[in-house]
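Please read the structure below before turning to the comments.
Here, each number is a calculation from the coordinates, and none is a lab measurement. Quick caveat, the model's predicted, so the values are computed rather than measured. Every residue, glycine among them, receives a Cβ derived from its backbone with ideal geometry; neighbour counts consider all protein chains shown.
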Amino acid sequence: MIYLDTAATAPVRREVLEAAWPYLTGTFGNPSSHHPVGEAAAAGLEDARARAAAVLGVRRSDIVFTAGGTEAANLAIKGLALAAPRGKHLVTAGTEHEAVLASIDFLHRVHGFDVTYLEVAPDGAVSPETLRDALREDTTLVSLALANNEIGTVHDIPALAEVAHASGALLHTDAVQAAGRLELRGLGADALTLSGHKLGAPKGSGLAMIRGRLPVEPLVHGGGQERGRRSGTENVAFAVALATALELAEAERDEAAARLLPLRDLLVRRVLAARDGVRLTGAEIDRPGTRLPGHASFCVPGRSGESIVLDLAEQGVISSSGSACAAGSDEPSHVLMALGIPREIAQTAVRFTLGARTTAAEVEEAATVIDEVLARG
């Protein structure tokens, strides 16, 4: 099997399992318990918090461990918007992940927030000028991803954060796809969210970085864990797993990117040449820094994206037809529709995402299989 769907999930790393295992066995205590077993668990939790904070370049008190990226996005967006006294205007883009868009839609429907959906360029990017024109005196929060999960386009978050802050608004960035692939320090974001299973940690692990003393309305109420931002007994083992996976991914980031870029470019060229009319979606590969290094996504007019994925899987190449979070839906990708791609073309989407350990031999073999599959009528 050649696995080219890392954007959906990555295999759990052995080092991560080994780091988490003690907190599932001997050091199993409740970190809120005031006895040696609980205190040992609390020490592991706080060590994980400090390690995650170091990778992100923030204070450890800024880290809130969650049960995944979706919960983290909900906490950051709803929590900041509901606690902020500035106003009830939100800004985002139609290309954002479902977790972001659904959180913002909830604030609109239930709490009366006004929402501006920014116009995106054909590659899915939002310019600082476009954001500046959309901001108002009552804008409370801007939410824009560091990197898009479906098309791989990278936003210039430092520039966008500077624009948001100049108007007095906060900025959240969904960095789920960017962790281990792009620099996460110095972005200037007020909140940043991650998911462990994209990095080699177990599914159900995530974190929200929320800066400083920003007020946050919690989603989960109870015993006041995580400094009152997320109640419930902490999953120490998964926090340790996430911190370990994040450290490993960050340590390997530059080397992995340098190795994956030429492999991605090879795959793009082969897919574009396999069939007339194939279209690369997202940023062009000849513009450094504008696309994730292991990400290649296409529309293949005349073919169903789902049928391509199934045909490739029969030949041992694993890919996807868009966001795994929308699997099972007959609707075309909302990301591609937001780019202005017609519905019938959006339904032909297929995505290949390389992992840190994808080899050149695997890409060459996959490209040959893709050639054969796309050549079919």
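Computed quantities for the displayed model
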item: Single match in His197, His172 (criterion: within 23 Å of Ala54 (Cβ to Cβ), in a helix (DSSP H, G or I) and in contact (Cβ under 8 Å) with a residue 60 or more places away in the chain); result: His197
item: The one condition in (1) hydrophobic (A, V, I, L, M, F, W, C); (2) within 16 Å of Ile210 (Cα to Cα); (3) not in a helix (DSSP H, G or I) that Phe28 fails to fulfil; result: (2)
item: Matching residues in region 167-181 - criterion: being of a type outside the set (A, V, I, L, M, F, W, C) and farther than 20 Å from Glu98 by Cβ; result: Ser167, Gly168, Gly180, Arg181
item: Selection from region 288-310 of residues that are farther than 23 Å from Glu252 by Cβ and either among the aromatic types (Phe, Trp, Tyr) or surrounded by fewer than 20 Cβ atoms within 10 Å (Cβ to Cβ) (or both); result: Phe298, Pro301, Gly302, Ser304, Glu306, Ser307, Leu310
item: Lone unmet requirement of (1) under 21 Å from Ala175 (Cα atoms); (2) touching a residue at least 60 places away in the same chain (Cβ under 8 Å); (3) in a helix (DSSP H, G or I) for Ala251; result: (2)
item: Top-ranked residue in region 15-41 [being small (Gly, Ala, Ser) and within 28 Å of the chain's Cα centre (by Cα); ranked as surrounded by the fewest Cβ atoms within 10 Å (Cβ to Cβ)]; result: Ala19
